[in-house]
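A.B. asks: Before anything else, here's the structure in question.
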Amino acid sequence: MRLPFGPIELPPRETFADRESLLAKVMLAPAVLYVAVLVGIPFVLAILLSFSNARAGSLSFSWVGLSNYAAVLSDPTFRRALLNTVIVTVAVQVLVVILATAAAMVFRAAFVGKRIMRFFLLLPWAVPITLAVMAWTWIFDSTFSVVNWTLKVAGLLHGWLYWLGSPTLGLIAIIIVQVWRLFPFATVIVLAGMTSIPQDVVEAAIMDGAGFWRRLFQIELPFLLPVVTVAVLFGIVYTATNMSVVYLLTGGGPADSTHVLPTLAFQRGIEGLDLGQGAAIALFLLPFLLVAAIGMLRIARRSEMGSP
Amino acid sequence: MSRYRLMRYARRVGVYVAALGFVTFAAFPFYWMALTTFKQNKDLYVSATNLKHVPWIFNAAPTLAHLKLLFTQTAYPQWLLNTLLVVVAVVLITVVVAVPAGYSLARLAGGWGEGMGIGIFLTYLIPPTLLFIPFSRLVAILGLQDSLWSLVVVYPTFTIPFCTWLVMGFFRSVPWDLEEQAMIDGYSRLGVFFRVVLRFAVPGILTVVVFTFTLVMQEFIYALTFISSVDKMTVSLGVPVALVRGDVYHWGALMGAALITSIPMAIVYNLFMDRFVEGLTLGAVKG
């Protein structure tokens, strides 16, 4: 809720403690400085490093122009990682939107035990991601996988699934874990958005005989679009830039087939000591971030102007 | 039963079945953590090809052996302590920097406050995965390699933008009357902030503390890049990378560590979820 009025005018006083515009800058300065120095400088350095042959451990380096970019673009492992990042990011957002909208429809209803169920639903978002990924690694274990046992007992599986040992299953496992991690968060956001659907419009539609699906697609979803967009934009950032899920689940394997940009950047830049190439790989995340940033700016501006 | 009541009954059952489905998916890994933590090894390491052995339940008596191993023979207690140190330091820095900044943006800055607030929020979108490579170099230059101080210095880069945004939203939602009254009573603008605002901002500050805590607990890539000694690791780094003996994962102890760390986080998070959502929806949801 926004205030309908701003600070009221008071007679001007001249001490420091009363000069609002100066006070505003002084109180804001530490935050701006911290971020400018410790996000701004590394960010510029990341771009500079990507044009250099810098290696970890030595302080000297020289400019190599675009050769890091040329090297990674002609590298099949990099192209695979870029493709994987796109596949995982898109697949996760599609699945999360479907699951979260459905879950929000369910959790909108009032029912006994909702509070405790909500607690369990939010668990994936609350726990440290690395610990949750270890649980999934154990769940997908090649010998002891409970998933395989259950599928076998249900008669749905005849061979054996090496979840983290094949490129396709590895990617599927990564997508499952990312969806698991993000859909509760998206559900809560969509639930919050549902309160903004005007009930009189819905009731009028029911009176006019609109069925469930018609109501869903023609009334509720259009109203939900802004919040769903917010969930998707955050989802893009959280999925595309996440390293821990892939690093701990498959380690990019087998044979570098499940790498995403962050894990490959880590492998080349930190483990392989090639800072220049690592930085160049990581910078390919920028398009994903730009999409998210532009989308969020548009939403923030629109909500300022007061339209839904 | 009339057709109407039958339909209502069916809908109710449908809601429960669907809700249970979602909850099962969400909570299953935690059930698995808990089960693994207390299972004996002979119950744990049975090949999944053995269809007669049901892995979903205890087939032998539960045991505390894994937890004992975790607390007496691994660095887990040390990691908890390290994490606590980092959390306390980062929370202090974040509160001192972000609370005045958020207040400034909400109340004092006027026209440019909005744009500046969005600008600060956007820096939250620049992820650690983009910055860890230059940071590895900066941390080396500062001589902070393999030191918890590297984390204390670097973690506020993501907690400050996020918490400034949260605090700004919080102050916007608080009525202006109290401050106005205090100013009429003769307090200076700064006096109002210290004597009046900070007092009613306690819930907002508490939210900052909670989210700084959870953001720090979630962090992995900086810790992995900067810290190499096992005894200097945090929980979210040590458990996945250092709780391995030789090449063998000790799944019981590992899941025990995950479980013990997760429970308090889940409870705290659940209490503060709504405010978190408010911050993230950027005003797209009007309360």
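A.B. asks: Do the conditions hold for residue B:109, that is, is it within 7 Å of another protein chain (Cβ to nearest Cβ), small (Gly, Ala, Ser) and under 19 Å from the mean Cα position of the chain (by Cα)?
C.D. replies: On the way: within 7 Å of another protein chain (Cβ to nearest Cβ): yes; small (Gly, Ala, Ser): yes; under 19 Å from the mean Cα position of the chain (by Cα): no.
In short, no.
A.B. asks: Take the residues in segment A:107-119 that are facing chain B (nearest Cβ under 7 Å) and surrounded by fewer than 23 Cβ atoms within 10 Å (Cβ to Cβ), then tell me which one is farthest from residue A:171 (Cα to Cα).
C.D. replies: The first filter runs over segment A:107-119 and keeps only residues facing chain B (nearest Cβ under 7 Å), leaving A:107, A:109, A:111, A:117, A:119.
Cutting the leftovers down to surrounded by fewer than 23 Cβ atoms within 10 Å (Cβ to Cβ) gives us A:109, A:111, A:117, A:119.
On the way: A:109: 35, A:111: 37, A:117: 29, A:119: 29 Å.
Within segment A:107-119, the match that is farthest from residue A:171 (Cα to Cα) is A:111.
A.B. asks: Give the residue that is modelled with the lowest pLDDT, with candidates limited to residues of segment A:237-270 that are surrounded by fewer than 22 Cβ atoms within 10 Å (Cβ to Cβ) and more than 10 Å from every other protein chain (Cβ to nearest Cβ).
C.D. replies: A:253
A.B. asks: List every residue pair whose Cβ atoms sit under 7 Å apart, with the two residues 6 or more apart in sequence or on different chains, where the first one lies in segment A:195-207 and is more than 14 Å from chain B (Cβ to nearest Cβ) and the second, anywhere, is of a type in the set (A, V, I, L, M, F, W, C) and surrounded by 12 or more Cβ atoms within 10 Å (Cβ to Cβ).
C.D. replies: Once the first residue is more than 14 Å from chain B (Cβ to nearest Cβ) and sits in segment A:195-207, its partners that are of a type in the set (A, V, I, L, M, F, W, C) and surrounded by 12 or more Cβ atoms within 10 Å (Cβ to Cβ) give A:201/A:219; A:202/A:219; A:205/A:219.
A.B. asks: Against the definition (facing chain A (nearest Cβ under 8 Å), within 30 Å of residue A:54 (Cα to Cα) and in a helix (DSSP H, G or I)), how does residue B:164 come out, yes or no?
C.D. replies: Details: facing chain A (nearest Cβ under 8 Å): yes; within 30 Å of residue A:54 (Cα to Cα): no; in a helix (DSSP H, G or I): yes.
Here the answer is no, as residue B:164 does not meet what is asked.
A.B. asks: Look through segment B:125-151, keep the residues that are more than 12 Å from every other protein chain (Cβ to nearest Cβ) and among the small types (Gly, Ala, Ser), and return whichever of them is surrounded by the fewest Cβ atoms within 10 Å (Cβ to Cβ).
C.D. replies: Going through segment B:125-151, the residues more than 12 Å from every other protein chain (Cβ to nearest Cβ) turn out to be B:143-144, B:146-149, B:151.
Of the ones still in play, those that are also among the small types (Gly, Ala, Ser) are B:143, B:147.
Details: B:143: 9, B:147: 16.
By that ranking, first place goes to B:143.
A.B. asks: Please give the number of the condition residue B:45 fails out of (1) hydroxyl-bearing (Ser, Thr, Tyr); (2) out of contact with any helix residue (DSSP H, G or I) (no Cβ under 7 Å at 6 or more places or on another chain); (3) assigned by TED's automatic domain parsing to the domain that holds residue B:253.
C.D. replies: (3)
A.B. asks: A follow-up question, please. Can we say residue A:139 is of a type in the set (Val, Ile, Thr) and under 18 Å from the mean Cα position of the chain (by Cα)?
C.D. replies: When the stated conditions are applied, residue A:139 does not pass them.
A.B. asks: Considering B:199, B:189, B:195, which residue is farther than 30 Å from residue B:79 by Cβ, surrounded by fewer than 18 Cβ atoms within 10 Å (Cβ to Cβ) and within 13 Å of another protein chain (Cβ to nearest Cβ)? If you could, list the steps in order and put the result at the bottom.
C.D. replies: Numbers: B:199 fails: within 13 Å of another protein chain (Cβ to nearest Cβ); B:189 fails: surrounded by fewer than 18 Cβ atoms within 10 Å (Cβ to Cβ).
From the options B:199, B:189, B:195, the qualifying one is B:195.
A.B. asks: Helices (runs of 4 or more DSSP H) wholly in segment A:56-172 with at least 1 residues that are of a type in the set (D, E, K, R) and at negative phi - which ones? Walk me through how you get there before you give the answer.
C.D. replies: Details: elements: A:67-73, A:76-108, A:114-126, A:129-139, A:146-153.
Counting at least 1 such residues, we get A:76-108, A:114-126, A:146-153.
A.B. asks: For segment B:167-192, how many residues meet the condition of being hydroxyl-bearing (Ser, Thr, Tyr) and either modelled with pLDDT of 80 or more or assigned to a loop (DSSP other than H, G, I, E, B) (or both)? Full working, then the answer.
C.D. replies: First, pick out the residues of segment B:167-192 that are hydroxyl-bearing (Ser, Thr, Tyr): B:173, B:187-188.
Now restrict to residues that are either modelled with pLDDT of 80 or more or assigned to a loop (DSSP other than H, G, I, E, B) (or both): B:187-188.
Of the residues in that region, 2 qualify.
A.B. asks: So, one more: Determine whether segment A:133-141 contains at least one residue that is within 26 Å of residue A:220 (Cα to Cα), surrounded by fewer than 21 Cβ atoms within 10 Å (Cβ to Cβ) and within 14 Å of chain B (Cβ to nearest Cβ). Talk me through it step by step, then tell me what you get.
C.D. replies: Here is the first cut: in segment A:133-141, the ones within 26 Å of residue A:220 (Cα to Cα) are none.
The answer is no; no qualifying residue exists.
A.B. asks: So residue B:9 passes all but one of these: (1) away from chain A (no Cβ under 11 Å); (2) of a type in the set (Phe, Trp, Tyr); (3) buried (at least 16 other Cβ atoms within 10 Å of the Cβ). Which condition number does it fail?
C.D. replies: The number of the failed condition is (3).
A.B. asks: Another question, if that's okay. Consider residue A:225 carefully, then state whether it is at pLDDT 85 or above and more than 30 Å from residue B:30 (Cβ to Cβ).
C.D. replies: Values: at pLDDT 85 or above: yes; more than 30 Å from residue B:30 (Cβ to Cβ): yes.
Yes, satisfied.
A.B. asks: Name the one entry in A:263, A:250, A:241 that is within 25 Å of residue A:293 (Cβ to Cβ), of a type in the set (Val, Ile, Thr) and touching a residue at least 60 places away in the same chain (Cβ under 8 Å).
C.D. replies: Details: A:250 fails: within 25 Å of residue A:293 (Cβ to Cβ); A:241 fails: touching a residue at least 60 places away in the same chain (Cβ under 8 Å).
That would be A:263, the only listed residue that is within 25 Å of residue A:293 (Cβ to Cβ), of a type in the set (Val, Ile, Thr) and touching a residue at least 60 places away in the same chain (Cβ under 8 Å).
Condition check ((1) touching a Leu at 6+ places or on another chain (Cβ under 9 Å); (2) small (Gly, Ala, Ser)) across all residues:
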{"position": "A:175", "(1), (2)": "yes, no"}
{"position": "A:183", "(1), (2)": "yes, no"}
{"position": "A:192", "(1), (2)": "no, yes"}
{"position": "A:195", "(1), (2)": "no, no"}
{"position": "A:205", "(1), (2)": "no, yes"}
{"position": "A:210", "(1), (2)": "no, yes"}
{"position": "A:220", "(1), (2)": "no, no"}
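A.B. asks: Here is a further query. State whether one or more residues within segment A:150-169 are within 28 Å of residue A:288 (Cβ to Cβ) and within 13 Å of chain B (Cβ to nearest Cβ).
C.D. replies: The answer is yes, given that some residue of segment A:150-169 is within 28 Å of residue A:288 (Cβ to Cβ) and within 13 Å of chain B (Cβ to nearest Cβ).
A.B. asks: Quick one: residue B:208 ticks every box in (1) within 10 Å of another protein chain (Cβ to nearest Cβ); (2) buried (at least 19 other Cβ atoms within 10 Å of the Cβ); (3) within 25 Å of the chain's Cα centre (by Cα) bar one, so which box is it?
C.D. replies: All conditions pass for residue B:208, except number (1).
A.B. asks: Inspect all residues belonging to segment B:36-56 and state whether any of them is at pLDDT 90 or above and either at the interface with another protein chain (Cβ under 7 Å from one of its Cβ atoms) or out of contact with any His (no Cβ under 9 Å at 6 or more places or on another chain) (or both).
C.D. replies: yes
The values are calculated or read from the model by the stated rules, or taken from the named source; none is laboratory data. It should be emphasised that the depicted structure is a prediction, and the values quoted were computed from it without experimental measurement. All Cβ positions, glycine included, derive from the backbone under ideal geometry; neighbour counts span all protein chains shown.
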